[in-house]
1. Restricting to the stretch 45-58, count the residues that are surrounded by fewer than 22 Cβ atoms within 10 Å (Cβ to Cβ) and small (Gly, Ala, Ser).
2. Could you please give the count of residues in the stretch 87-102 that are in a loop (DSSP other than H, G, I, E, B), out of contact with any Asp or Glu (no Cβ under 7 Å at 6 or more places or on another chain) and either surrounded by 15 or more Cβ atoms within 10 Å (Cβ to Cβ) or not small (Gly, Ala, Ser) (or both)?
3. If you take the residues of the stretch 6-41 that are among the acidic types (Asp, Glu) and outside any strand (DSSP E or B), which of them is modelled with the lowest pLDDT?
4. Could you list all residues from the stretch 44-71 that are outside any strand (DSSP E or B), closer than 16 Å to residue 105 by Cα and not hydrophobic (A, V, I, L, M, F, W, C)?
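The values are calculated or read from the model by the stated rules, or taken from the named source; none is laboratory data. Keep in mind that what you see is a predicted model, and the values were worked out from it rather than measured. Because the Cβ atoms are built from the backbone with ideal geometry, glycine has one as well, and the counts that use them run over all protein chains shown.
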Amino acid sequence: MISRKGNSGMDNIVGLLGKGTEFEGKLIFDGTLRIDGKFKGEVITKGILAIGEGALVHAEVEADTIIVRGEMHGNLKATKKIEIKGNGKLYGNINTPSLIVDEGVIFEGSCQMNGREKNVVPFDVKK
């Protein structure tokens, strides 16, 4: 059993692609999946996708939360947040309401932040 309580949602791990593994295809799951190996394809989840240090991922991803610590190539769409941490490298476009980027990471792509209320303050020149 793989479980780490109190580790930002990592207590509900449903799968692990460990170092030295290679997988190609479509992953659909609920809960948390961590990739430490190589993956190519598509990921769809209502949970968390964690891309560990040393991982190499080429994929289109739709998830609640995406955490990138390894190397990620592809477009990411998150309904809650995306985190690029440590030595993470992200080459692709992202769409998320919340983005956390650590100092020293690499991010090449564009970011669109949707899903939050837009508070437009009217500008009145006459005041």
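1. Narrowing the stretch 45-58 to residues surrounded by fewer than 22 Cβ atoms within 10 Å (Cβ to Cβ): 45-47, 52-54, 56, 58.
From what is left, the residues that are small (Gly, Ala, Ser) are 47, 52, 54.
Number satisfying all stated conditions: 3.
2. If we filter the stretch 87-102 for residues that are in a loop (DSSP other than H, G, I, E, B), which is where we start, we get 87-88, 92-93, 96-98, 102.
In the following step, the residues that additionally are out of contact with any Asp or Glu (no Cβ under 7 Å at 6 or more places or on another chain) were identified as 88, 92-93, 96-98, 102.
Within this subset, residues satisfying the condition of being either surrounded by 15 or more Cβ atoms within 10 Å (Cβ to Cβ) or not small (Gly, Ala, Ser) (or both) are 88, 92-93, 96-97, 102.
Result for the stretch 87-102: 6.
3. Restricting attention to the stretch 6-41, the residues satisfying the condition of being among the acidic types (Asp, Glu) are 11, 22, 24, 30, 36.
Still in the running and outside any strand (DSSP E or B): 11, 30, 36.
Values: 11: 59, 30: 92, 36: 96.
Taking the candidates together, the pick is 11.
4. Taking the stretch 44-71 as the starting set, the residues that turn out to be outside any strand (DSSP E or B) are 46-47, 52-55, 69-70.
Those still in the list that are closer than 16 Å to residue 105 by Cα too: 52-55, 69-70.
Selection gives 52, 53, 54, 69, 70.
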